[in-house]
1. Residues in the range 7-21 that are under 18 Å from residue 119 (Cβ atoms) and exposed (fewer than 10 other Cβ atoms within 10 Å of the Cβ): how many?
2. Identify all residues within the range 1-31 that are more than 17 Å from residue 311 (Cα to Cα) and aromatic (Phe, Trp, Tyr); write none if there are none.
3. Against the condition in contact with a Lys or Arg (Cβ under 7 Å, 6 or more places away or on another chain) and either among the hydrophobic types (A, V, I, L, M, F, W, C) or not assigned by TED's automatic domain parsing to the domain that holds residue 338 (or both), how does residue 409 come out, does it pass?
4. Is it fair to say residue 357 is among the hydroxyl-bearing types (Ser, Thr, Tyr), assigned by TED's automatic domain parsing to the domain that holds residue 125 and either within 30 Å of residue 81 (Cβ to Cβ) or open to solvent by 30 Å² or more (accessible area, probe 1.4 Å) (or both)?
5. Would you please list the contacts, defined by Cβ atoms under 6 Å and residues six or more apart or on different chains, that run from a residue in the range 158-185 that is without any contact (Cβ under 8 Å) to a residue 60 or more places away in the chain to a residue that is assigned to a helix (DSSP H, G or I)?
6. Of all residues being polar (S, T, N, Q) and within 19 Å of residue 15 (Cα to Cα) in the range 366-392, which is most open to solvent (accessible area, probe 1.4 Å)? Just the residue, please.
7. Can you tell me which residues in the range 156-195 are open to solvent by 70 Å² or more (accessible area, probe 1.4 Å), outside the structural domain of residue 63 (by TED's automatic domain parsing) and closer than 30 Å to residue 274 by Cα?
8. Pick from the range 104-142 the residues that are within 27 Å of residue 167 (Cβ to Cβ) and small (Gly, Ala, Ser): which of them is nearest to the ligand (Cβ to nearest atom)?
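The values are calculated or read from the model by the stated rules, or taken from the named source; none is laboratory data. Since this is a predicted model, take the numbers as computed values, not measurements. Here the Cβ positions follow ideal geometry from the backbone for every residue, glycine too, while neighbour counts run over all protein chains shown. Heads up: the accessible areas ignore ligands, DNA and RNA and are worked out on the full protein's heavy atoms, side chains in. Shrake-Rupley method; radii C 1.70, N 1.55, O 1.52, S 1.80 Å.
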Amino acid sequence: MAYKTIKGTHDILPDESNRWQELEKVIHEVAASFGYSEIRTPIFENTSLFARSVGEDTDIVSKEMYTWEDRSGGSVTLRPELTAPVARAYIQHNLGVKSPLQRLYYIGPLFRRERPQKGRQRQFHQFGIEAFGSEFPEQDAEIIAFGNTVFSKLGIKDVTLKLNSLGSGECRSNYKKALQDFLTPYKNDLSATSQKRLSTNPLRILDTKDPDEQQLIASAPSITDYWTADDQKHFSTVQELLKVLKIPFELDHMMVRGLDYYTRTTFEFISGGLGAQDAICGGGRYDNLVETLGGKLTPGIGFAAGMERILLSMNSDIKAANEKRVHVINLIESESSHALQVANQLREAGYQVTMDTLRRSLKAQMRDANRSGAVKAVIIGEEELQKNVVQVKDLSSGEQKEISILNLVKHFTV
Ligand code: HAM
């Protein structure tokens, strides 16, 4: 085979696309129920959009982006995340003027040049939501409740919500300094990556997988000691609201997200059984992002969830029989107009109808009907054609009835 998908990218084949559509349907429904509107932004953007928002020193910007020089000059990048593009669109189209609170959601592909493994691709998909305009904890609770609703509607069990607050900008920079002061005496014991991060992004060292470093940071200063009184109050109200909403959570003060724009509340939903890549969703507040990108100071909060990981953590046998699906079996080789008409009549009545066009045997066509997930098969043979009837077979019970063509739609709708 000469051509294959590029490493870390996948085709979504027809067998699987049903599950994607089911997932997207739930996302659209939950978004409507929370009053979020869809936004679609381009696949590529100016490179500096990500460098300024996600951060030059993050893994995403420093080593994972697909970036190239455009023919007309200037550097462009395949989007590695969607919060920055959505904030860019919010500023560019003055969405804040249209309404003081903008609730947006999106579904789409993203690109990161990571090492592929289970639950980690180079092209992957996220659905996400972003709310611009409210600095208050009820907005944080609403965002988290949205995620929680999607995961429970999908029947994903074994999900843990991890919660932290990175504090305001002031808290974050004091904490950064405290971590640097604590870690600098041990600099030579740190890995090369952590040594580099010590000067650029010391919070990321808290994420280390190295057991010796984990032991060291166990006694490092805690972010909780650097929260301002307002940070503290905001975070405790978020927790109270989650308790009222009966959304269980665990506090994890070592959780630092891999993007630099976060302030205050950050969270991840972790799914058991996924292995190393177990975060199905990550998000948080970014009260300075819009201003950083050239807009007016506007608070914001959101999350994004990896759709491949969600599908991996869902039961794979969700394909339920579709009440609306019907398969028409035509056994008359010389005459197909009758079957085509029957199929159309049922489609007009709101059914999803497939029909054999390969002129195969009854046995083969019955096999197709069962595979298609149809609940009923409509069988048309010579005798039926003469009598102006069809046989309607219930595919789960096997029961078969002769129905007059004139009563066909009525028979289906009762
Ligand atoms: P993130 O944590 O980088 O956050 O990604 C969010 C989710 O996308 C992850 O929890 C994971 O499920 C999925 N994901 C990330 N990388 C990959 C990959 N290589 N393969 C498969 N799935 C992946 C963000 O992207 C932020 N923009 C989230 C956000 C929105 N924060 C505020 N608003």
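1. So in the range 7-21, the residues under 18 Å from residue 119 (Cβ atoms) come out as 7-12, 16, 19-20.
Imposing the further condition that a residue be exposed (fewer than 10 other Cβ atoms within 10 Å of the Cβ) reduces the set to 11.
Looking only at that region, the number is 1.
2. 3
3. Details: in contact with a Lys or Arg (Cβ under 7 Å, 6 or more places away or on another chain): no; either among the hydrophobic types (A, V, I, L, M, F, W, C) or not assigned by TED's automatic domain parsing to the domain that holds residue 338 (or both): yes.
Here the answer is no, as residue 409 does not meet what is asked.
4. Spelling it out, it is not the case that residue 357 is among the hydroxyl-bearing types (Ser, Thr, Tyr), assigned by TED's automatic domain parsing to the domain that holds residue 125 and either within 30 Å of residue 81 (Cβ to Cβ) or open to solvent by 30 Å² or more (accessible area, probe 1.4 Å) (or both).
5. Pairs found: 174/226; 175/223; 175/226; 176/202; 179/202; 180/202; 183/198.
6. Taking the range 366-392 as the starting set, the residues that turn out to be polar (S, T, N, Q) are 370, 372, 386, 388, 391.
Subsequent filtering for residues that are within 19 Å of residue 15 (Cα to Cα) retains 370, 372.
Values: 370: 90, 372: 25 Å².
Filtering first and then ranking leaves 370.
7. 192, 193
8. 128
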